[in-house]
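S.K.: Quick one: the structure is below, and I'll ask about it shortly.
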Amino acid sequence: DAGVTQSPTHLIKTRGQQVTLRCSPKSGHDTVSWYQQALGQGPQFIFQYYEEEERQRGNFPDRFSGHQFPNYSSELNVNALLLGDSALYLCASRLRAGTPVINEQFFGPGTRLTVL
Amino acid sequence: AQSVTQPDIHITVSEGASLELRCNYSYGATPYLFWYVQSPGQGLQLLLKYFSGDTLVQGIKGFEAEFKRSQSSFNLRKPSVHWSDAAEYFCAVMEYGNKLVFGAGTILRVKS
């Protein structure tokens, strides 16, 4: 059973460009969350998707957007990249039915984005 | 807003020695608390979680944590550290909607 997978592993972009990161949730999971982990910091919540809609959002600008597909996979898009967007982007998935007490979030290995 | 503080950025312990990583949280209601471990190039792996009940929680890899409401703490412990425990450890509290708020992390180094 594959866990959460993310692609690509690494990515280098220049300021002003746009980037798309991809996440496939663990089999059986229907909810995907995205986190940004800057160097030397803990992960910060960007947003969460289920039923193909954004349900909750952290303190990130509109340059950060996402999408969830019918097969529950998800994309994170960042427009007009800034140097400060350089970070590890983590995807986490869970099964929404039931409670957080029961349904653990599983994290993927992340995509390392470098903005030059 | 909820917050999590991990006061120690780095900790070095000898292999076989005991370990305690500190975590303090700020949360108005009864918190859901977690400890995750992150090895280089890896995602986050859940070590243990606390929701209610017994304040001493057992996790994987021989780790345990104790919830102390009076001190707003959820410290992670291990009686005997192995070299393979070297990694970064994150404490987190769950907010409404299953959003996790993480501390800044503690890097554990194990010396032989």
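The values are calculated or read from the model by the stated rules, or taken from the named source; none is laboratory data. Model, not experiment: these values are computed from the prediction. So basically every Cβ, Gly included, is an ideal-geometry build from the backbone, and we count neighbours across all protein chains shown. The accessibility values were calculated without ligands, DNA or RNA, using every heavy atom of the protein model including side chains. Shrake-Rupley method; radii C 1.70, N 1.55, O 1.52, S 1.80 Å.
S.K.: Can you find a residue in segment A:2-15 that is surrounded by fewer than 20 Cβ atoms within 10 Å (Cβ to Cβ), more than 10 Å from every other protein chain (Cβ to nearest Cβ) and at pLDDT below 95?
M.R.: Yes, some residue in segment A:2-15 is surrounded by fewer than 20 Cβ atoms within 10 Å (Cβ to Cβ), more than 10 Å from every other protein chain (Cβ to nearest Cβ) and at pLDDT below 95.
S.K.: Quick one: how many residues across segment A:57-73 are touching an Asp or Glu at 6+ places or on another chain (Cβ under 9 Å) and not aromatic (Phe, Trp, Tyr)? It would help to see each step written out before you state the result.
M.R.: The first filter runs over segment A:57-73 and keeps only residues touching an Asp or Glu at 6+ places or on another chain (Cβ under 9 Å), leaving A:63-70, A:72.
Those left that are additionally not aromatic (Phe, Trp, Tyr): A:63, A:65-68, A:70.
Of the residues in segment A:57-73, 6 are touching an Asp or Glu at 6+ places or on another chain (Cβ under 9 Å) and not aromatic (Phe, Trp, Tyr).
S.K.: Within segment B:77-103, can you find the residues that are under 11 Å from the mean Cα position of the chain (by Cα) and within 14 Å of another protein chain (Cβ to nearest Cβ)?
M.R.: Once the filter is applied, which keeps residues that are under 11 Å from the mean Cα position of the chain (by Cα) and within 14 Å of another protein chain (Cβ to nearest Cβ), segment B:77-103 yields B:GLU88, B:TYR89, B:PHE90, B:CYS91, B:ALA92, B:VAL93, B:PHE102, B:GLY103.
S.K.: Just the residues that are surrounded by fewer than 14 Cβ atoms within 10 Å (Cβ to Cβ) and over 25 Å from B:SER112 (Cβ atoms), please, taken from segment B:53-81. Show your work before the answer.
M.R.: Narrowing segment B:53-81 to residues surrounded by fewer than 14 Cβ atoms within 10 Å (Cβ to Cβ): B:53-56, B:58, B:60-61, B:68-71, B:79-80.
Within segment B:53-81, B:GLY53, B:ASP54, B:THR55, B:LEU56, B:GLN58, B:LYS68, B:ARG69, B:SER70, B:GLN71 meet the criteria.
S.K.: Let me ask something else about it. Filter segment B:35-54 down to residues that are in a strand (DSSP E or B) and closer than 17 Å to A:CYS91 by Cβ and give me whichever is nearest to the other protein chains (Cβ to nearest Cβ).
M.R.: Checked segment B:35-54; the qualifying residue nearest to the other protein chains (Cβ to nearest Cβ) is B:LEU44.
S.K.: Turning to a different aspect of this structure: I'm trying to understand the selection: among the residues of segment B:9-29, which are more than 15 Å from B:ALA87 (Cβ to Cβ) and open to solvent by 70 Å² or more (accessible area, probe 1.4 Å)? Full working, then the answer.
M.R.: First, the residues of segment B:9-29 that are more than 15 Å from B:ALA87 (Cβ to Cβ): B:14, B:16-18, B:20, B:22-29.
Listed by number, the residues that qualify are B:SER18, B:GLU20, B:ARG22, B:GLY28.
S.K.: Using the structure shown, decide if B:LYS68 is charged (D, E, K, R) and within 14 Å of another protein chain (Cβ to nearest Cβ). I'd like the intermediate steps shown before the answer.
M.R.: Details: charged (D, E, K, R): yes; within 14 Å of another protein chain (Cβ to nearest Cβ): no.
Criteria not met by B:LYS68.
S.K.: Identify all residues within segment A:16-44 that are under 18 Å from B:GLU88 (Cβ atoms) and crowded, with 18+ Cβ neighbours inside 10 Å; write none if there are none.
M.R.: First, pick out the residues of segment A:16-44 that are under 18 Å from B:GLU88 (Cβ atoms): A:35-44.
Listed by number, the residues that qualify are A:TYR35, A:GLN36, A:GLN37, A:GLY42, A:PRO43, A:GLN44.
S.K.: In segment A:51-63, which residue that is facing chain B (nearest Cβ under 10 Å) and either under 22 Å from A:GLY28 (Cα atoms) or among the hydroxyl-bearing types (Ser, Thr, Tyr) (or both) is most open to solvent (accessible area, probe 1.4 Å)? Don't jump to the end; show me each part of the working.
M.R.: Applying the first criterion (facing chain B (nearest Cβ under 10 Å)) to segment A:51-63 yields A:55-59.
Then drop every residue that is not either under 22 Å from A:GLY28 (Cα atoms) or among the hydroxyl-bearing types (Ser, Thr, Tyr) (or both), which leaves A:55-56.
Details: A:ARG55: 98, A:GLN56: 42 Å².
Residue satisfying both the conditions and the ranking: A:ARG55.
S.K.: Would you mind finding the one in B:PHE51, B:PHE74 that is aromatic (Phe, Trp, Tyr) and under 10 Å from the mean Cα position of the chain (by Cα)? Even if it seems obvious, please write down each step before you answer.
M.R.: Working: B:PHE51 fails: under 10 Å from the mean Cα position of the chain (by Cα).
Checking each option against the conditions leaves just B:PHE74.
S.K.: Still on this structure, I have one more. Residues that are surrounded by 20 or more Cβ atoms within 10 Å (Cβ to Cβ), on the phi < 0 side of the Ramachandran plot and within 14 Å of another protein chain (Cβ to nearest Cβ): does segment B:104-111 have at least one?
M.R.: Start the filter on segment B:104-111 by keeping residues that are surrounded by 20 or more Cβ atoms within 10 Å (Cβ to Cβ), which leaves B:105-106, B:108.
This time we only want the ones that are on the phi < 0 side of the Ramachandran plot, so: B:106, B:108.
So of that shortlist, the ones also within 14 Å of another protein chain (Cβ to nearest Cβ) come out as B:106.
Yes, segment B:104-111 has at least one match.
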